[in-house]
Every structure is written in structure tokens, then in C-alpha cells.
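Written out below as C-alpha cells is the structure these notes cover.
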Amino acid sequence: MAKLYFLGAGSIGGLVATQISNVTKLDIVLLLRNERRLNKYLNNNSKFTYENLTNLRNPTKEEYHLRAISHIPKDHGGLPEHIDNLIITTKCHQTVEALEPYISCISEKTNILLIQNGFGVESKLKKIWPQNKVPNMFQGVISHGVFKDRFWNVKHVGNGDLKIGRLANEDTEVPQFIQDLLVSPVLNAELLSFKDLLKIRLEKLIVNCCINPLTAIYDCLNGELLQLSHRQFHRVINESVRCLTADKELNKIFVNDAAFAQLMDRERLLKTVLKVCELTKRNSSSMREDVRQVHQTEVDFLNGYISDVGKKNKVFTPHNDILSEMVKNRVLLNYKREESGARLVQ
Ligand SMILES: NC(=O)C1=CN([C@@H]2O[C@H](COP(=O)(O)OP(=O)(O)OC[C@H]3O[C@@H](n4cnc5c(N)ncnc54)[C@H](OP(=O)(O)O)[C@@H]3O)[C@@H](O)[C@H]2O)C=CC1
Ligand SMILES: CC(C)(CO)C(=O)C(=O)O
């Protein structure tokens, strides 16, 4: 049977893997980090639990038995097996390291869907594909809210959607697994053109560049940002718009496209950021959660990405630079506190 591999069996990976398993004929296989994780999963009876808490009057809980491996897939002769379909749901900074062991199984015929926040992973991946073997790449933007309270137990707390589009402006065939995602009743997925998805990604990038670092630095909920002055939002939006509108690649893509100018309208963007703060007011942002758990954040793929675009196009980015630095310092500080706390306990 044809297979669909998942790299990144965390919150989003768990949501998507369990939900596509309800509608697909493909054999789902999770690619786990190492043998220790695999043994832990096998001891859990190869079971993923999905709890739907999006309607608190009718919470549901389902168990899924999904196959998993922790090594490259091999054929009967022990040779690396080709990966036809792959969904990647690692955090951005984990992607290259997670994918490297599987490179020998990937070719230009592999269909890959990246479901991640931010920008910049694609250009890092370009460096690891063997020459002329760039896979058929798709990108997903997800607004569902999911967390895991322990391994392989995902809690779906915020109903959202999944927008999918190609990562290059070309008209390749839509693979079966993406067609399957589109019919999942839970995922609420939609296939968009390359340009329409890019617009959604750019808007989300600016929203995340405003909300994520500030909630992480102030250690506050998204809604609490509404009680503060909006000056910092203004600064990040202004700077990000200056970088993105100066970018040569984006200008090539959106040449004579009035929708790009509308997208980059600063007042509209501020309204969008405030609306997202309001709609997600009780959320703790993903970056704040990473900082609290002393995990590396995705800031290099959000504010750091804007700084990179700025450098390429000779636009100064002091506000995004400082936010990136402060978020990294916040993680470092929490790490040092944890370390000295551990010493105190001893
Ligand atoms: N959670 C949410 O509600 C939302 C998340 N997103 C975005 O989705 C993406 C994924 O986020 P999320 O699911 O929350 O993150 P998680 O941390 O829950 O999941 C990431 C998974 O990747 C796995 N992983 C990391 N490195 C490797 C490796 N080397 N080999 C194999 N597996 C590896 C981790 O494994 P291990 O468990 O072993 O560490 C983990 O299971 C991010 O870009 C995030 O910003 C977007 C919108 C909402
Ligand atoms: C929209 C927002 C800020 C919701 O929390 C988010 O995408 C995140 O936390 O990463």
C-alpha cells in the first residue's frame, strides 16, 4: 500500500495524522526521532490519543493506532525505500536536522507538505536537496490550536483551518494525500494558488512578528497586549512592511498586483494584529510557551526572517533585531534560572 510519512509527531503532527487517517487509504507511518522515542511509543501500544475540546459541551476522545519507525524506510532487500509522500510538522529550527537522515529516500518525485509557522525553512532545505532533485513542495498554514499534555496525547482546543498551496509558482499535480486532507471534516482545509497562500503567509508573518515576541518577553497572554500602547506594534509593522515591499523577489511575484499593496497597508495590518489579539485573548502564544519551557523558539523564522530580508534589500531593522535578541535572552535567562534552581535544590 502507498505510504504517507509524518516527520514531527507533536501537536500539529498528531492532529493532522489522526485526522487524515480517518479519510485516507494511504498507510500512515510516523518517523520518530530515535529508538528511545520509538520504544516509548511502542510501550504506549503505538497509540495516539486525540481529544477534541473545541466544543466544551461535547468533548470527544479518540484513540488511533498509527505505525512508527525511527530509521530510514527500507525495502525487502534492505535498500533505502523511496518516500513518495511526506508531511513535515517539526518546529522550523528542527527541520533540517530532522530531515537529513531521510535525504537518500527523497527525490524530485517526492511530494512534501510543510505545515509550519514562519519563513526561511525552504531556503535552508534548498541546501540539502541533492542537485536537480528538489521535491514537489507544498506549504500549509494552520490556525487550529493544539497542544500535547504528554507524548502522543493531543488536545485540540481552538478550531481553525488549514490553507495549503504550492511553494513554487508552477502547476504540478495535487498529490492524493493533499486531496485527502481537503475532505477531512475536522481540518477544514482549503487548496489555494501559490500567490494567495503567499499573501496569507505574509500577513500571518507580520501578525506573529508583533504578538509572539512581545508575549514571550512580557510573559503575558495575547489579550493582555491590548492593554498596552500599540507603539511597538506600529514599529514592527512599519519596519516589516518596508522590508517586504523593498524585496526584489516579492516584487517580481506581485508585479502590477494591487492586492499586494492592500496587503501591506499599515493601518489594515494594525487592525488585523489587534483583531488576532482579541480573538485569541486567552491564548498563551507558541513563543511564550517555548520560552517558559526553556525551548528554542522560532524567532529566527519570524522577526529574524524580516531582519534577513532587510539585510538583503538594504533596509535597517532595529526593532525586529532587538525583539529577536530579547526573546533569545529570555530563554537564556530562564535556562540560567533553572540551572541555579537545580543547584539550590541539591
Ligand atoms: N501547536 C499549535 O497550536 C500550532 C503550531 N503551529 C506551527 O506548527 C509547527 C509545529 O508545531 P507543534 O506541533 O506545536 O510543535 P511540537 O513541538 O509539538 O512538535 C514538533 C515535533 O517534531 C519532532 N521532532 C523534532 N526534531 C525531530 C527529529 N530530529 N526527528 C524526528 N522528530 C523530530 C518533535 O519530537 P519530540 O517529541 O521527540 O521532541 C515533536 O514531536 C510549528 O512551526 C508551529 O509554529 C502553527 C499553528 C498552531
Ligand atoms: C496567532 C498566534 C499568536 C496565536 O497564539 C500564534 O500563531 C502563535 O501563538 O504562534
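No lab work stands behind these numbers, since they all come straight from the coordinates. For clarity, every value in this text was computed on a predicted model and none was experimentally measured. Please note: Cβ atoms are built from the backbone with ideal geometry, for glycine as well, and neighbour counts cover all protein chains shown.
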Explain nothing, just the number: dipole magnitude of the chain about its Cα centre with +1 on each Lys and Arg Cβ and -1 on each Asp and Glu Cβ, in debye rounded to the nearest 20. 720 debye
Dipole moment magnitude, nearest 20 debye, the range 197-337 about Cα centre, only Lys, Arg, Asp, Glu C-beta charged: 100 debye
For the chain, the longest site-free run once GluC sites (Glu not before Pro) in DSSP loop states with at most 12 other Cβ atoms within 10 Å are removed: 174-346
How large is the helix-only mean residue ellipticity at 222 nm for the chain, computed as the sum of -39500 (n - 2.57) over DSSP H runs with n ≥ 4, divided by its residue count, in deg cm²/dmol to the nearest 500? -13500 deg cm²/dmol
Cα lying deepest toward the dipole's positive end in the chain, options ASN85, PRO130, GLN293, charges on Cβ: GLN293
Assuming a viscosity of 1.567 mPa s and a temperature of 4 °C, what translational diffusion coefficient in µm² per second does Stokes-Einstein assign to the range 17-77, Rh being the Kirkwood radius over Cα pairs? 97 µm²/s
Along each of the three principal axes of the Cα atoms of the range 95-200, give the extent in whole Å, ordering the values from largest to smallest. 42, 32, 24
Which of rounded, prolate, oblate describes the range 3-192, given a ≥ b ≥ c as roots of the alpha-carbon gyration tensor eigenvalues and a/c under 1.5 marking rounded, otherwise prolate only if a/b is larger than b/c? oblate
Over its alpha-carbon atoms, the range 138-250 yields an Rg and a Dmax in Å of 17.2, 48
At R0 = 41 Å, how high is the FRET efficiency between GLU339 and LYS271 if r is their beta carbon distance? Nearest 0.05 is fine. 0.45
Just add up the charged neighbours of GLU278: K/R +1, D/E -1, any other residue whose Cβ is under 14 Å from the Cβ of GLU278. +3
Env charge @ GLY10, Cβ radius under 11 Å, K,R +1 / D,E -1, value +3
Taking the square root of 5 times each eigenvalue of the Cα gyration tensor, what semi-axes in Å does the equivalent ellipsoid of the chain have, largest first? 32, 26, 21
Between VAL294 and LYS47, what's the calculated FRET efficiency when r is the beta-carbon distance and R0 is 25 Å? Round to 0.05. 0.30
Would you mind calculating the gained length between ASN22 and ASN238 on full extension (0.36 nm times residue separation, minus the Cα-Cα distance), in nm to one decimal? 73.4 nm
First check a/c for the range 65-116, with a ≥ b ≥ c the square roots of the eigenvalues of its C-alpha gyration tensor; if it is under 1.5, answer rounded, and if not, answer prolate when a/b is larger than b/c or oblate otherwise. prolate
Pairs of alpha-carbon atoms within less than 8 angstrom and 6+ residues apart define the contacts here; what relative contact order does the chain have, in percent? 15 percent
With N residues in the range 204-293, Rg(alpha-carbon) / (2.2 N^0.38 Å) equals 1.17
Mean 1/r over distinct Cα pairs of the range 250-346, inverted to a Kirkwood Rh in Å, yields 16.3 Å
Beta bridges per DSSP with both ends in the chain, % antiparallel, nearest 5: 40 percent
